[in-house]
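Got a structure for you, written out below as C-alpha cells; questions coming shortly.
Every number in this text was worked out from the coordinates using simple rules, so none of it is lab data. All values reported here derive from a predicted model rather than from experimental measurement. Quick reminder, even Gly has a Cβ in these numbers, built from the backbone with ideal geometry, and neighbours come from all protein chains shown.
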Amino acid sequence: MKPPPFEHHAPRELGEALDVLARVGARGKVLAGGQSLIPMLNMRLAAPEHLVDINRVASLATVEAGPLGVTVGAMARHTQVERARAHPLLTRALRLVAHPVIRNRGTVVGSLAHADPAAELPAVLAVLGGSVRLARAVRATPGAGGGAVPAAGEGGVAVRDVGAAEFFVGPMESAVEPGELAVSAFFPALPERSGSAFCEVARRHGDYALAGVCAVATLDEDFHLAAARVACIGVGPVPLVVDVSELCGNRPSSGVAWAEVARAVQDRTEPEGDIHASAAYRLHLVGVLAERALKEAVADAMTGR
Amino acid sequence: MEREITLVVNGTVRRVRVPGRRLLSDCLRQDLGLTGTHVGCEHGVCGCCTVLLDGEPVRSCLTFAVSVDECEITTVEGLAREGAPSPDLRSEGAPSPGLRSAGSAATGATREGDGSQRPSRLHGVEAMSAAMSPVQRAFAECHGLQCGFCTPGFLCTVTALLRQNPAPTDEEVLEGISGNLCRCTGYQNIVKAVHRAAELLAEEAPAGQGERR
C-alpha cells in the first residue's frame, strides 16, 4: 500500500506547470487534491513516471461567481467551493461528496477530470451544460525563422473549452489529453425561477452512490413547469442527461404524471450490476430518485431561492 | 529524487529529506518518529491517519509529504499542548486556553516556537489528565475509545469539528465523524464524547468568545 516511485514536480506558476506537462506528456499525471489519485497509487492501480503537483499554483485556487455562472479553478478545494456558496446546486452536490475531511483536500476540477461514473460533480456539470477549460503549452515551431529550438516557456498557451457532453468520455475517462491541464470548470447559473436538487442512495454515508439523480426545474410566470432536466449517475458509463421538459409539459407540478417521467428516465439508462447492487435495483433506484429529485427541484423553485 | 522539506509539526520546525512518494503519514511516523498518527487502510477510508494541516483535518495517507512543504501539521501528539490549559501562558496574560484552542493551528503553532512549553516530564494520571486537551479528556471520561487504534484520527477530526461548530447537534456530530471508522465502540460513546468535549470547551472559553468563522 505504498505508491510506486515517481518524479515529483512542484511548479509555482501555471506556465511552469504546462511546460512540465508538455515535456512529460502521457508519462505524467496531474496531482491536485489527490483524494482519488493517491489511493490509486497506493493500490498500484496507477504508476505514472511523473507527478505534476499543482498544489503550489496559487492562481488556480479561485472561485469566481458572475451573473452567468461560477468559474472554479483547478486548485479550489471542495470545502472552499462549498463555503463560497456560489451556486446552489454545486453547494448541494458538494455535501454529498465523500466526507468533510476528504473535501478539505479534494478539488472540484479534480473530481471532474477523474470522471468517476458514480461521482456527483460530473452530473452537476452535465445537467447545467457547463464546460471545462483545458490548457496546454505550445512551443514555437522549432527552426522557424532559422532560430534555435526555443526553450520551454517561450511559446504560448493553447486553451480549449470542452462542454460537459464531450468532456466525459467513459468510466474514469475524460477529454483531457496528455500534456493538457484542466485549469477551470464553468458551472452556468440557473435561470430565473429555477430550483435544483440532488438525491442519491449510497451503501454508507459518504460512499459513491449506487445511483443518484440531480435535477433542475424551471417554472414560468404562472408557476407551470417550463423546463426540467435530470442527470443520472451510477447507471451508465458517463453522467446521463435526460431532458424531461416535454413530458412535464407546461403544467403545474401537481398535474405532471411523475410515474411516466420516471419511466422515461429509466428507459434511457443502462445500469450494470456489481457486488454492491444489481442492475435491476439500480434501475429501480434511478426511477424513484428521478421523481424525488424533480419534485424537490420544483419545490426549491417555488421557494424562490 | 529526494527533496528536503520543512514542516512545522506541533509547533516545532522539522527539516527532513524524503522521496516524492513518501506519504505524510509515513513521514510523520518513520522520518519524524511521531507514531501517534496511526495508519489503517492507506486509501482514505478509515480516518485513523487524520492530522490537522494548517488547522484543517486531512488524511495523511492521501497526502504526499512533499506537497505540504512549508505547511503546519498538528498530530495527536500536539493536541494536548494546543488545547490544554497551560498555567504559565495564563499568568502571562497570553490568550486564554479556550481562545488558544479555538484559534487555528496555523497561528498557534508558530507562536509557540520550538515547543519548549510542552509539559514534557509529567508523570501520573493527574498530570496527564491536566495536560490533555478538552477533546482528549472528554474521550477518556465518556469511554470514547476501546482499543485506541482509531482514536488519534477521531481526536484530530473532532478538535477541528468543534472549532468550526462549537455546539453541534447529534446529526452534525455524525456527519463530522462519518469519515472515521471505529471497530470497537459502536460510536455511541464517541458521540457522547464529542458533546462532552463541546461542554468542556465552552466552560473553558471566556464569556462572549465568538466562533472562529
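For residues that are among the aliphatic types (A, V, I, L, M) and in contact (Cβ under 8 Å) with a residue 24 or more places away in the chain, scanning just region A:59-73, find the one that is farthest from the other protein chains (Cβ to nearest Cβ).
In the first step, residues of region A:59-73 are kept if they are among the aliphatic types (A, V, I, L, M); the result is A:60-61, A:63, A:65, A:68, A:70, A:72.
Cutting the leftovers down to in contact (Cβ under 8 Å) with a residue 24 or more places away in the chain gives us A:60, A:68, A:70, A:72.
Values: A:Leu60: 14, A:Leu68: 29, A:Val70: 21, A:Val72: 19 Å.
Looking at the filtered set, the residue picked out is A:Leu68.
Taking the condition of being closer than 17 Å to A:Pro5 by Cβ and crowded, with 19+ Cβ neighbours inside 10 Å, how many residues in region B:25-51 meet it? Before the answer, list the steps.
First pass over region B:25-51, keeping only residues closer than 17 Å to A:Pro5 by Cβ: B:26-27, B:30-31, B:42.
Right, trim to crowded, with 19+ Cβ neighbours inside 10 Å and you get B:26-27, B:42.
Of the residues in that region, 3 qualify.
Restricting attention to region A:38-52, which residues are more than 10 Å from chain B (Cβ to nearest Cβ) and either at positive phi or part of a helix (DSSP H, G or I) (or both)?
If the condition is that a residue be more than 10 Å from chain B (Cβ to nearest Cβ) and either at positive phi or part of a helix (DSSP H, G or I) (or both), then A:Arg44 is the only one that fits.
If you don't mind, another one. Looking at (1) more than 24 Å from A:Pro11 (Cα to Cα); (2) more than 14 Å from chain A (Cβ to nearest Cβ); (3) not basic (Lys, Arg), find the lone condition where B:Gly44 falls short.
With (1) more than 24 Å from A:Pro11 (Cα to Cα); (2) more than 14 Å from chain A (Cβ to nearest Cβ); (3) not basic (Lys, Arg) applied to B:Gly44, the lone miss is (2).
When you go through B:Arg29, B:Arg3, B:Arg21, B:Arg14 one by one, which is the residue that is more than 14 Å from chain A (Cβ to nearest Cβ) and of a type in the set (Lys, Arg)? Give the steps one after another, and end with the answer.
Details: B:Arg29 fails: more than 14 Å from chain A (Cβ to nearest Cβ); B:Arg3 fails: more than 14 Å from chain A (Cβ to nearest Cβ); B:Arg21 fails: more than 14 Å from chain A (Cβ to nearest Cβ).
It is B:Arg14.
Of all residues in region A:204-257, how many are part of a strand (DSSP E or B), touching a residue at least 40 places away in the same chain (Cβ under 8 Å) and in contact with a Leu (Cβ under 7 Å, 6 or more places away or on another chain)?
Here the count works out to 14.
For A:Ala86, all conditions in the list (1) assigned to a helix (DSSP H, G or I); (2) under 22 Å from the mean Cα position of the chain (by Cα); (3) away from chain B (no Cβ under 12 Å) hold save one; what is the number of the exception?
(1) is the only condition that A:Ala86 fails.
Here is a follow-up. Kindly indicate whether A:Val127 is of a type in the set (A, V, I, L, M) and touching an Asp or Glu at 6+ places or on another chain (Cβ under 8 Å). Before the answer, list the steps.
Numbers: of a type in the set (A, V, I, L, M): yes; touching an Asp or Glu at 6+ places or on another chain (Cβ under 8 Å): no.
Taking the combined requirement at face value, the residue does not satisfy it.
Can you name every one of the helices (runs of 4 or more DSSP H) wholly within region A:95-142 that holds 1 or more residues which are away from chain B (no Cβ under 14 Å) and either among the aromatic types (Phe, Trp, Tyr) or under 24 Å from A:Ala17 (Cβ atoms) (or both)?
Numbers: elements: A:100-103, A:108-114, A:120-128.
Passing ranges, in order: A:108-114, A:120-128.
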